[in-house]
Amino acid sequence: VAGSPAWTAEIHRLAEERDAVILAHNYQVPVIQDVAHHVGDSLALSRIAATAPQSTIIFCGVHFMAETAKILSPEKTVLIPDAAAGCSLADSLTVEELRAWKAENPGAVVVSYVNTTAAVKAETDICCTSSNAVEVVDSIPRDTPVLFGPDQFLGAHVRRILQRDNVKVWGGECHVHAGINGAELSAKAAAHPDADLYIHPECGCATSALYLAASGAVEPDRIKILSTGEMVHAAGASRSRQVLVATEIGMIHQLKRAAPGIDFLAVNDRASCGYMKMITPDKLMRSLLEMRDEVHVDPDTAARARGAVERMIAIGS
Ligand code: 13P
Ligand code: SF4
């Protein structure tokens, strides 16, 4: 039975036999998070993938994450338990669209969120994740125009923090985070007046949160815009009794592990990513037994994308 001590021991035995490290994103189902060797956000997992001593990486996450691991470590075997686990945000900017956007904006530096295909990364100057998007854009001289894609809400967050209006933002979004709206956030905040708010910058409600602060409905220092990894750190250091969480619901498991004394409530408990949930315990077992699904990135595309991804993992903490 998945999650039992015998199942866990078998997964770990097979991983050792295959010389494989199992990585899981914070949005994976709890049983996958619990069996993985490392759980984290996109940036942390990319860094682990780049330095892990094992010859095989099993990426329990979505396809662009496994592709990023392959770009960083082309000599390693990178497996994903289901290669069909995509991402609506990565789908919202094609390489043809990016090329046309660049042609309209000569001289601009292209910053792409890691939630993109390898082909888009190959046309990118620097990638970023939600943990370091602000630092990445801030590393570009202030008078240089920037094209930021594909996430419009993360882009708006970066523009707001840096007060920089020469950052042009693509209009893409993640269907899960865009669906967590401002009305829901305001209603939840009003019903739980003492709770802190952890909001992922991909959320459609990230801007509404700042209106809540400006209107005095919520004290500004109780509103935190955080990547999933930053949420775990904030929870571990927090003395709050209750936290409202605006992101994919898989996050709550890792938050409870980090801070068992805090009551974590999802702002929208239907915010589940069907792509992340395609990775099941049975598919993880199959992946180890049959060494599938292997992720391939065309070597020329990988070579052109590598610099942008390496700059990403070098920036931010
Ligand atoms: P982070 O884990 O980097 O915050 O990314 C969130 C996400 O949506 C990944 O799909
Ligand atoms: Fe993509 Fe959104 Fe799912 Fe993350 S939660 S993998 S951004 S669709």
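Table: residues versus (1) within 28 Å of Arg47 (Cα to Cα); (2) surrounded by fewer than 19 Cβ atoms within 10 Å (Cβ to Cβ); (3) of a type outside the set (A, V, I, L, M).
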position	(1), (2), (3)
Asp125	yes, yes, yes
Leu147	yes, no, no
Asn181	no, yes, yes
Leu185	no, no, no
Ala189	no, no, no
His200	yes, no, yes
Ala209	no, no, no
Ala217	no, yes, no
May I ask you to list the residues in segment 178-194 that are within 24 Å of the chain's Cα centre (by Cα) and part of a loop (DSSP other than H, G, I, E, B)?
Gly179, Ile180, Asn181
Does any residue in segment 32-46 that is more than 26 Å from Ala6 (Cβ to Cβ) come within less than 6 Å, Cβ to Cβ, of a residue that is within 13 Å of ligand 1 (Cβ to nearest atom) and not polar (S, T, N, Q) six or more places away or on a different chain, and which pairs are these?
Gly40/Gly229; Asp41/Gly229; Ser42/Val114; Ala44/Gly229; Leu45/Leu23; Ser46/Ile313
One residue is enough: does segment 197-215 have a residue meeting the conditions away from ligand 2 (no atom under 16 Å from the Cβ), modelled with pLDDT under 95, not in a helix (DSSP H, G or I) and not assigned by TED's automatic domain parsing to the domain that holds Tyr27?
yes
Where residues in segment 35-94 are within 12 Å of ligand 2 (Cβ to nearest atom) and of a type in the set (Asp, Glu), which of them is farthest from Asp300 (Cα to Cα)?
Asp41
Which one of these is within 28 Å of Ala84 (Cα to Cα) and either within 16 Å of ligand 1 (Cβ to nearest atom) or under 17 Å from the mean Cα position of the chain (by Cα) (or both): Lys277, Lys224?
Lys277
All but one of (1) more than 16 Å from ligand 1 (Cβ to nearest atom); (2) among the acidic types (Asp, Glu); (3) part of a helix (DSSP H, G or I) hold for Glu230; which doesn't?
(1)
Failed item in (1) within 25 Å of Ser317 (Cα to Cα); (2) in contact (Cβ under 8 Å) with a residue 12 or more places away in the chain, with Arg159 passing the rest
(2)
Do we find that Ala206 is under 22 Å from the mean Cα position of the chain (by Cα) and closer than 30 Å to Cys87 by Cα in this structure?
yes
Residues of segment 256-290 satisfying the condition of being within 16 Å of ligand 2 (Cβ to nearest atom), closer than 23 Å to Val218 by Cβ and not small (Gly, Ala, Ser)
Val267, Asn268, Asp269, Arg270
The condition from (1) away from ligand 1 (no atom under 16 Å from the Cβ); (2) assigned by TED's automatic domain parsing to the domain that holds Trp101 that Val158 misses is numbered (1)
Would you be able to tell me the number of residues in segment 48-96 that are in a strand (DSSP E or B) and among the polar types (S, T, N, Q)?
2
Would you be able to tell me the number of residues in segment 235-254 that are more than 16 Å from ligand 2 (Cβ to nearest atom) and either crowded, with 21+ Cβ neighbours inside 10 Å or in contact (Cβ under 8 Å) with a residue 12 or more places away in the chain (or both)?
8
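The values are calculated or read from the model by the stated rules, or taken from the named source; none is laboratory data. The model shown is predicted, which means the values in this text are computed figures rather than measured ones. Neighbour counts run over all protein chains shown; Cβ positions are idealised from the backbone, glycine included.
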